[in-house]
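Reading through the structure tokens given below for one structure.
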Amino acid sequence: QIGYAKKYNLPIVIHCREAFDEIFEILEEEKGPELRGIFHCFTGNLEQAKKAIEYNMKLGIGGVVTFKNGKIDTFLDQISSKHIVLETDAPYLAPTPYRGKRNESSYLMEVLKKVASIYQLPEEEIARITTENSKEVFGV
């Protein structure tokens, strides 16, 4: 699939659960200027985030950033906002205060609020930046 994405100039979307080393091995073999995409529902650590960015990946930030023990909020400010996109994992991982409920697109505002507070930027600015990041990845 990565080969097709590179051949046709398409992004890839990676959903990685406890397999970062294996994913990075594959990305190392496939790296190049045409490789781009998103680590959907990113739940890794700072080191893994930096490594993903080295492979021209954006970090998909969703409801987990609002969780008390989500840990992403402890390092996200060390990653430039130009490397993130906002997303849901609907119907899963609804952000606080909706945690445990069925996630939906309207809850993305809670993610936006949390990310804006982490970066100490207005919500409108984070929305603008992350929208541009998404457009960059998807070529629109």
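The values are calculated or read from the model by the stated rules, or taken from the named source; none is laboratory data. Keep in mind it's a predicted model, so treat the numbers as computed, not measured. Here Cβ is always computed from backbone atoms with ideal geometry, including for glycine, and neighbour counts include all displayed protein chains.
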Problem set entry | From 118, 61, residue being of a type in the set (Val, Ile, Thr), touching a Ser or Thr at 6+ places or on another chain (Cβ under 9 Å) and over 26 Å from residue 4 (Cβ atoms) | 61
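Of everything in the stretch 14-23, what is touching a residue at least 24 places away in the same chain (Cβ under 8 Å) and buried (at least 17 other Cβ atoms within 10 Å of the Cβ)? Give them in sequence order. Let's see the steps before the verdict.
At the first step, the residues of the stretch 14-23 found to be touching a residue at least 24 places away in the same chain (Cβ under 8 Å) are 14-17, 20.
Selection gives 14, 16, 20.
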Problem set entry | Residue under evaluation residue 59, criteria (1) closer than 16 Å to residue 111 by Cα; (2) surrounded by fewer than 22 Cβ atoms within 10 Å (Cβ to Cβ); (3) modelled with pLDDT of 95 or more; (4) not polar (S, T, N, Q), criterion not met | (2)
For this session: For the stretch 71-97, enumerate the residues that are among the hydroxyl-bearing types (Ser, Thr, Tyr), farther than 20 Å from residue 134 by Cα and not in a helix (DSSP H, G or I).
Result: 92, 96
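Tally the residues that are farther than 19 Å from residue 84 by Cα and not hydroxyl-bearing (Ser, Thr, Tyr), restricting the search to the stretch 8-39.
Initial filter on the stretch 8-39 (farther than 19 Å from residue 84 by Cα): 8-9, 18-19, 21-22, 25-26, 28-32.
Checking the rest, the ones that are also not hydroxyl-bearing (Ser, Thr, Tyr) come to 9, 18-19, 21-22, 25-26, 28-32.
The qualifying residues number 12.
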Exercise. How about the stretch 28-48: which of its residues are over 10 Å from residue 13 (Cα atoms), out of contact with any helix residue (DSSP H, G or I) (no Cβ under 8 Å at 6 or more places or on another chain) and of a type outside the set (D, E, K, R)?
Worked result: 33, 45
